[in-house]
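Notes for the one structure printed next.
The values are calculated or read from the model by the stated rules, or taken from the named source; none is laboratory data. Because the structure is predicted, anything quoted here is derived from the model rather than measured. We place every Cβ from the backbone using ideal geometry, glycine too, and count neighbours over all the protein chains shown.
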Amino acid sequence: NAGVTQTPKFQVLKTGQSMTLQCAQDMNHEYMSWYRQDPGMGLRLIHYSVGAGITDQGEVPNGYNVSRSTTEDFPLRLLSAAPSQTSVYFCASSQGYRGGYTFGSGTRLTVV
Amino acid sequence: DQQVKQNSPSLSVQEGRISILNCDYTNSMFDYFLWYKKYPAEGPTFLISISSIKDKNEDGRFTVFLNKSAKHLSLHIVPSQPGDSAVYFCPLPYTGTASKLTFGTGTRLQVTL
C-alpha cells in the first residue's frame, strides 16, 4: 500500500498564479483533510471531507478550494497564490470516527 | 478558543529517563484522545490513543494517562531514546460523527545523550 501520496513535493509559484496540490490515498478511507504547517503555528486545518461529495472548511480556508469527487482523491486548489501561502502542506486520511489519521509526506510551497 | 492546550512548547530529557508530555482540555464531552509524533520534513504519525472510558493505555515504551476529573492527558515515554526527539501533538479529539482533527503547536521533545 502506498498510503497517502502527495504531489508535488516541492513547488515555487509566483504571486497570482494558481495551482493544484494533489492528494491520493489507496486505503479506502472516508475522511480526508488538508493542513498547513508554519513556524510557530503548529498544524492548522484548511479543509476536510467526510466522504465523496462532502467537504467543509477548517480553521484557515481562505484562498483555498477543495472538491472530493472520488473516495481516493482530495485535491487542494490555490486560486491566486500569495506569499502568505508559503508553507508546508500535509494531506491526511482516516478510516473514520476514532480512526487515526495517516499523513502524506508533505508539499513544500514557496510563493514569491 | 483552544479546547486542547499543550502548555510546554519544549522539553529536554536525558536518554534513559522518563519523558512526560502534557495536554489540558476544556470540553468534558470529548470521548477519544490521540497522540501524534512528527519529525522534521515528515508528516505526523499516529502514536497512541485512549478512550474516555479508560484512564490508561500502554503500548511498549509509551503510556497515555487520562484524568477526566482534571481534564488532563499525559504521555509518558520510558525509557526515552534519542530517536524519540520530535514534536508531539495532542490534537483536538473526535466528537460526534464528524471527523475533524485540529492540531495545536505541539511540544518539542529533545532526548539528549
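Data overview
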item	result
A:Tyr64 closer than 23 Å to B:Leu92 by Cα and in contact (Cβ under 8 Å) with a residue 60 or more places away in the chain	no
Failed item in (1) within 24 Å of A:Glu59 (Cβ to Cβ); (2) within 13 Å of another protein chain (Cβ to nearest Cβ); (3) over 14 Å from the mean Cα position of the chain (by Cα), with A:Tyr35 passing the rest	(3)
Whichever residue in the range A:86-104 is at pLDDT 95 or above and surrounded by fewer than 22 Cβ atoms within 10 Å (Cβ to Cβ) and, among such residues, is nearest to the other protein chains (Cβ to nearest Cβ)	A:Val88
Residues within the range A:72-85 that are of a type outside the set (A, V, I, L, M, F, W, C) and either in a strand (DSSP E or B) or within 14 Å of another protein chain (Cβ to nearest Cβ) (or both), tallied	2
Matching residues in the range A:40-55 - criterion: being closer than 18 Å to B:Leu101 by Cβ and part of a loop (DSSP other than H, G, I, E, B)	A:Met41
Enumeration of residues in the range B:72-89 that are among the small types (Gly, Ala, Ser) and in a strand (DSSP E or B)	B:Ser74, B:Ala86
Test: residue in the range A:2-21 that is without any contact (Cβ under 8 Å) to a residue 60 or more places away in the chain, surrounded by fewer than 16 Cβ atoms within 10 Å (Cβ to Cβ), touching a Leu at 6+ places or on another chain (Cβ under 9 Å) and assigned to a strand (DSSP E or B)	yes
Residue within the range A:56-68 that is assigned to a strand (DSSP E or B), surrounded by 15 or more Cβ atoms within 10 Å (Cβ to Cβ), touching a Phe, Trp or Tyr at 6+ places or on another chain (Cβ under 9 Å) and within 10 Å of chain B (Cβ to nearest Cβ) present	no
Criterion: over 27 Å from A:Gln95 (Cα atoms), assigned to a strand (DSSP E or B) and small (Gly, Ala, Ser) - qualifying residue of B:Ser49, B:Ser8, B:Ser12, B:Ser69	B:Ser12
Test set (1) at pLDDT below 90; (2) away from chain A (no Cβ under 13 Å) - B:Ile20 fails condition number	(1)
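To keep it simple, each residue is scored yes or no on (1) at pLDDT below 95; (2) surrounded by 22 or more Cβ atoms within 10 Å (Cβ to Cβ); (3) within 14 Å of another protein chain (Cβ to nearest Cβ).
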site	(1), (2), (3)
B:Gly43	yes, yes, yes
B:Ile53	yes, no, yes
B:Arg61	no, no, no
B:Pro79	no, no, no
B:Gly104	yes, no, yes
